[in-house]
Structures are given as structure tokens and as C-alpha cells.
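The values are calculated or read from the model by the stated rules, or taken from the named source; none is laboratory data. All values reported here derive from a predicted model rather than from experimental measurement. Positions of Cβ are backbone-derived with ideal geometry, glycine not excepted, and every protein chain shown enters the neighbour counts.
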Amino acid sequence: MSETPTNNPVKLVSPKFRGSFVHAFKAQAIGKGTPKFSITMILPKGVPASEEFKTKLKRRFEGDMMEKFGKILPDEALKHYPIKDGDTYVDNDGETRPEYKGAWVIKAANERAPGVMVLQDDNSRIPAEPREIYSGAWYVISITTFAWSNENGRGVSVSLSGILKVAEGDKFSASDFSENDFAGVTREAVGSTMEKPTAPAAPPAKPKAAGNYDDL
């Protein structure tokens, strides 16, 4: 039977990062899991703001574990530990992700929808439209942390509270599309208008019956 997680209610605000697997408006489930709203942080290693945030997060996890388990468990004893090394990261399909190289990778998720805003040039913040939020843009998020225990083991997680888009970025996409894909397609080759289908021939007229006085 699952135990209620111990949640640290004091929010942390992340530094600026590029977002991956951004599901801000529609919850997504992994396998048979519970659908959740989520975003994955890509925090470049060696950058002071990234390292400071990572240190704060680890301290929060330690506090969560002390409150929940009465002791600090090593990472390898946990079913789930959110801070991943992008240089050794392998996803559930056994694939690596080039965009994660040289970075710390941290996923934040929540069953509840986060607040989603966009930072304006005058520093005001307005509600985001779904089309404005995508993987590859730059974000800042607010989070909380918690420790949990269930029949599958113990772990610590990052709970997503809010998302603020702060800058555009190159979209991450599984597509390998290039405009060169259509290099051989020219206007001369395809014509200027859509061709109209040829109308079917009219059926032959039926012979008129003898004695039809309407024809007189």
C-alpha cells in the first residue's frame, strides 16, 4: 500500500534552462503510470547557477529523506533519484540524447496543471498560449520536493508548480526534416494550379418508346 509522500512546501526557483519533453498543457503518462504535466531541465555543468541549484536540490532531498525515512539514503538505494548525468543518460528505449551532453538533467512533474506564463520585454508576465510552449525554448520553473515510499521502493521527486518561458530557442524534434528534402520539386514540375479531374462521359440517351404522344 502506498504511503503519503512528505512534501517540502517551500518552493525553489530554477535558473534559466532549456526545456525538454515539455508537457505543460496536456498531462502525459509513461506506460501505465498516472498522467502528469512535466518538464525536463537541461542545466549545463560547470555554470555557477546550475551547480548552486543542484546543491540546493540535493540538500532539499536530504531533508525530505530525514523527515520521511529518519535517515539519508544513498542514491543507489533509491528507486528514483531525479538528478541525472546527461553524459551517461540512457532513456527507457536504451537511447542517448545528444542535447543532454555536458548537462545535469532533472525532471519535474505534477498531476496538477502548472501555471504557465511568458516573460515580456517590459518584465511583465502573461498567460502562455499552447503554441508558445515547446521543447527547446528557455524556461524558469518553480518547484517543491518530496520523499515517498510504496510497494516498489523509496525515492525522492521534484514537483512542478509553475513554468515561465523566458526566451525562444531551437526546437528539439525527432524529425530530420530539411528544406533540401524538396530540392527537386519545382513549379514547372508541379504546375501552377491543381488539375481538375476529367468529367465522366454522359450515358447514352435511352431510345424513346413508340406511341409516346408527349413527343408530338
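Residue by residue, here is whether (1) of a type in the set (A, V, I, L, M); (2) surrounded by 13 or more Cβ atoms within 10 Å (Cβ to Cβ); (3) over 22 Å from S142 (Cβ atoms); (4) over 19 Å from the mean Cα position of the chain (by Cα) holds:
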{"site": "V10", "(1), (2), (3), (4)": "yes, no, no, yes"}
{"site": "R18", "(1), (2), (3), (4)": "no, yes, no, no"}
{"site": "G46", "(1), (2), (3), (4)": "no, no, yes, yes"}
{"site": "E52", "(1), (2), (3), (4)": "no, no, no, yes"}
{"site": "K58", "(1), (2), (3), (4)": "no, yes, no, yes"}
{"site": "F61", "(1), (2), (3), (4)": "no, yes, no, yes"}
{"site": "Y89", "(1), (2), (3), (4)": "no, yes, yes, no"}
{"site": "D93", "(1), (2), (3), (4)": "no, no, yes, no"}
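Identify, from the list I83, I30, the residue that is surrounded by fewer than 18 Cβ atoms within 10 Å (Cβ to Cβ), aliphatic (A, V, I, L, M), at pLDDT below 95 and under 19 Å from the mean Cα position of the chain (by Cα).
Values: I83 fails: at pLDDT below 95.
Result: I30 is the single residue among I83, I30 that is surrounded by fewer than 18 Cβ atoms within 10 Å (Cβ to Cβ), aliphatic (A, V, I, L, M), at pLDDT below 95 and under 19 Å from the mean Cα position of the chain (by Cα).
The residues of region 128-147 that are surrounded by fewer than 20 Cβ atoms within 10 Å (Cβ to Cβ) and more than 19 Å from R18 (Cα to Cα) amount to a single one, T144.
Against the conditions (1) under 22 Å from K171 (Cβ atoms); (2) among the hydroxyl-bearing types (S, T, Y); (3) in contact with a strand residue (DSSP E or B) (Cβ under 7 Å, 6 or more places away or on another chain), T96 satisfies every one except (3). Of all the criteria given as (1) part of a loop (DSSP other than H, G, I, E, B); (2) modelled with pLDDT under 95, the one not satisfied by D122 is (2). Considering only residues that are of a type in the set (G, A, S) and assigned to a helix (DSSP H, G or I), look in region 30-75 and name the one that is nearest to G19 (Cα to Cα). Filtering first and then ranking leaves S50.
Looking across I133, I72, I83, I106, one residue alone is in contact with a strand residue (DSSP E or B) (Cβ under 8 Å, 6 or more places away or on another chain) and free of Cβ contacts under 8 Å to residues at least 40 places away in the same chain. It is I83. Looking only at residues of region 109-130 that are small (G, A, S) and in contact with a strand residue (DSSP E or B) (Cβ under 9 Å, 6 or more places away or on another chain), we find that the one that is farthest from E62 (Cα to Cα) is A128. For region 76-119, filtering for residues that are outside any loop (DSSP other than H, G, I, E, B), among the charged types (D, E, K, R) and out of contact with any Ser or Thr (no Cβ under 7 Å at 6 or more places or on another chain) leaves 3.
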